[in-house]
Amino acid sequence: MRACCFVAFLLVVSFRLAAGAETPPFHAGVARPAVTGTGGSPFETLVWYPTEAKEVAWQAGPFTMYATRNAAIAGGRFPVVLLSHGGGLSGGSPLILREISVALARHGFIVIAPFHGKAGLPERVLQVRRALAAVETDPRFASHIDAARLGMLGFSLGTAVALELAGAVPNVTHLVAYCAAHPGDVMSCDHAPDGNNGTSHGSAAAKGAVAPLPLKAIVLMDPFAVLFQRPELVGVTMPVLIIRPNQSELPAEANATGLAGALPRPPLVESVPGNHFVFTDICPTALTASSPELCQDPPGVNRAAVHATVQAQVIEFFDSHL
């Protein structure tokens, strides 16, 4: 039965890709509310949402934003997709995932994407919860949010955030032992903004004290999953879509493949051409030379085509489960 459902899923995705000229039902709007963090300091969050207003592009530093600032939200109630971007040594930013956020907004989703900054994994989990709570009480969005249809999209370190909020508990002891045995796995073990990829023993999140959210479905793009083993994943019972690049620097067995085999509910697993950063938006000229790790794809990889495929997969998955 699961195989039949998977085939049906692929057929629908293929149909959407073939009908690439299909016009989405909405335009995209974007707002940038400040949210109060755990220490009382505000942090920024992007909220992408459906609007009837014509899109007016604008610049945010080197990034072009194809969404109208502070446009009126379209009438109706919409499902919510929380987004947690990757980390890396720079801390990451949701600005490098603009395309998929805009695509979701155009198809009738509200996307809530906090700027995590240099926060480590435990703080990122709390930031997502606070961002959601702030948007749920914001007069612009409160009456338009369908709280019963809540999903989450994570990329890289953001997938660990999604897994925790879905009910997983970090296994710090396993991660420490894995990294001691695999000193060459830099991406899994030494690539977080706080230097420990979630191994801080003193945090509530690292001890599993953060309550999960009522997520109905989650999407994990090249998951950082070595922090979670089968016993710590028993709470993740909702539908999961894993998308892994074929040339990812994150070792498959310790991350995407291992996670797929350990989840209590078998996930949908897709692969795409490219390396770890193929999910991020095509770089503006100002970043291409200074950030080759982020901007350059392996020979023969068409990042725009990969994005079209991933967007269709993600939209169909959330349409089916939210």
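Just so you know, all these numbers are worked out from the coordinates, no wet-lab data involved. Owing to the predicted nature of the structure, the values given are computational and were not obtained by experimental measurement. Every residue, glycine among them, receives a Cβ derived from its backbone with ideal geometry; neighbour counts consider all protein chains shown.
Within segment 258-292, take every residue that is among the hydroxyl-bearing types (Ser, Thr, Tyr) and within 18 Å of the chain's Cα centre (by Cα) and give me the one that is surrounded by the fewest Cβ atoms within 10 Å (Cβ to Cβ).
Ser271
Testing Glu55 on (1) assigned to a loop (DSSP other than H, G, I, E, B); (2) surrounded by 15 or more Cβ atoms within 10 Å (Cβ to Cβ); (3) within 18 Å of the chain's Cα centre (by Cα), one condition comes back false. Which one is that?
The number of the failed condition is (3).
Please specify each residue of segment 254-265 satisfying the condition of being touching a strand residue (DSSP E or B) at 6+ places or on another chain (Cβ under 9 Å), among the hydrophobic types (A, V, I, L, M, F, W, C) and closer than 30 Å to Gln296 by Cα.
Ala256, Leu259, Ala260
Is it the case, given these coordinates, that Ala67 is free of Cβ contacts under 8 Å to residues at least 60 places away in the same chain, touching a helix residue (DSSP H, G or I) at 6+ places or on another chain (Cβ under 7 Å) and over 22 Å from Phe224 (Cβ atoms)?
yes
Give the number of residues within segment 293-312 that are crowded, with 19+ Cβ neighbours inside 10 Å and either over 21 Å from the mean Cα position of the chain (by Cα) or more than 19 Å from Ile96 (Cβ to Cβ) (or both).
1
For segment 240-253, how many residues are surrounded by fewer than 19 Cβ atoms within 10 Å (Cβ to Cβ) and over 24 Å from Arg303 (Cβ atoms)?
Adding up the residues that qualify gives 1.
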